[in-house]
Amino acid sequence: IGADPHSVEMAHVWMGMGRVYHYRAQFSKALELYQQALDRLERQGHLKGLAMAYASIAGSFLHLAGYPQVIEYAHKILEVSGKTGFQRGEAIAHEFLSEAYGFIGHWDEALRHAQMNYEIASKIGATARLVWAEYTMGDAYWLKGELQRALEHLEKSYERAEMLGETRAQTWIQLFTANTYADLGEWQKGESSALERTLASLWDTSEFGKAPGKRPQRYW
């Protein structure tokens with residue numbers, strides 16, 4: 001189409017290509033392509049695009065267990081999102097911070113950022129964002145050992161995902177819900193949760209084929 005190779009449009013092309021490799025679990029390759037997009041967005045000063053590029057990069061680092069990099073890019077998301085009033089970007093940043101801090105054992109920080117993610121998602125009324133906000137809350141409470149509260153958020157997360165037809169989210173949420181039931185000693189309920197819901201989602205290969213990693217993750 002004759003687009004300027006350094007244009008925002010071409011940045012979107014590189015981002016799209018990165019997502020393909022991301023969904024194939026080739027995260028290092030995805031990072032290379034996201035960097036191409038980032039270079040163009042920085043050149044153009046496209047702040048909202050930068051927030052989404054930073055989010056994609058943070059997501060890939062999360063799958064690669066690069067938690068310091070996740071924290072670094074999450075703060076970059078907060079910085080550029082704050083300049084533009086991009087609240088969804090801010091919510092995504094807090095989600096990444098919650099996960100990263102959870103993985104490195106800073107559980108109070110994980111819960112704090114999960115709560116901030118949830119508060120922003122509730123404020124802007126983004127149902128898809130609330131799916132993951134509820135999930136992150138469940139994850140954080142699970143890390144803190146508050147299993148019943150974790151289960152409440154996971155169940156709400158699943159209900160929202162089911163309402164949206166978000167099969168990939170349903171799959172991961174139910175895997176973690178089954179694990180939480182097991183931690184509560186409710187083995188039969190955990191097995192039922194996994195078999196009746198998770199396995200049904202696994203059969204939907206059009207969605208499950210997009211699942212990016214071994215652990216429940218987000219869109220990033």
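The values are calculated or read from the model by the stated rules, or taken from the named source; none is laboratory data. Bear in mind that the values here come from a model prediction, so they are computed numbers and not experimental data. Backbone-built Cβ (ideal geometry, glycine too); neighbour counts: all protein chains shown.
Selection within the stretch 27-53: residues that are farther than 22 Å from residue 82 by Cα and of a type in the set (Gly, Ala, Ser). The member of this set that is farthest from the chain's Cα centre (by Cα) is 28. Say we look at the stretch 60-95 and pick out the residues that are among the polar types (S, T, N, Q) and at pLDDT 95 or above; which of these is surrounded by the most Cβ atoms within 10 Å (Cβ to Cβ)? The selected residue is 60. A residue that is in contact (Cβ under 8 Å) with a residue 24 or more places away in the chain, outside any helix (DSSP H, G or I) and closer than 23 Å to residue 86 by Cα can be found somewhere in the stretch 6-26.
So which residues in the stretch 128-148 are touching a residue at least 12 places away in the same chain (Cβ under 8 Å) and of a type outside the set (A, V, I, L, M, F, W, C)?
If the condition is that a residue be touching a residue at least 12 places away in the same chain (Cβ under 8 Å) and of a type outside the set (A, V, I, L, M, F, W, C), then 129, 134, 135, 136, 138, 139, 141, 144, 148 are the ones that fit.
Taking the listed residues 76, 48, 83, the one that is in contact with a Ser or Thr (Cβ under 9 Å, 6 or more places away or on another chain), in a helix (DSSP H, G or I) and of a type outside the set (A, V, I, L, M) is 48, with no other qualifying.
Tell me which residues, restricted to the stretch 22-35, are surrounded by 19 or more Cβ atoms within 10 Å (Cβ to Cβ) and at pLDDT 95 or above. Full working, then the answer.
Narrowing the stretch 22-35 to residues surrounded by 19 or more Cβ atoms within 10 Å (Cβ to Cβ): 22, 27, 30-31, 33-34.
Within the stretch 22-35, 27, 30, 31, 33, 34 qualify.
Among helices (runs of 4 or more DSSP H) entirely within the stretch 116-220, having at least 2 residues that are of a type in the set (A, V, I, L, M), closer than 22 Å to residue 89 by Cα and modelled with pLDDT of 90 or more singles out 127-143, 147-164. None of 142, 187, 132 is over 24 Å from residue 62 (Cα atoms), in contact with a Phe, Trp or Tyr (Cβ under 8 Å, 6 or more places away or on another chain) and aromatic (Phe, Trp, Tyr) except 187.
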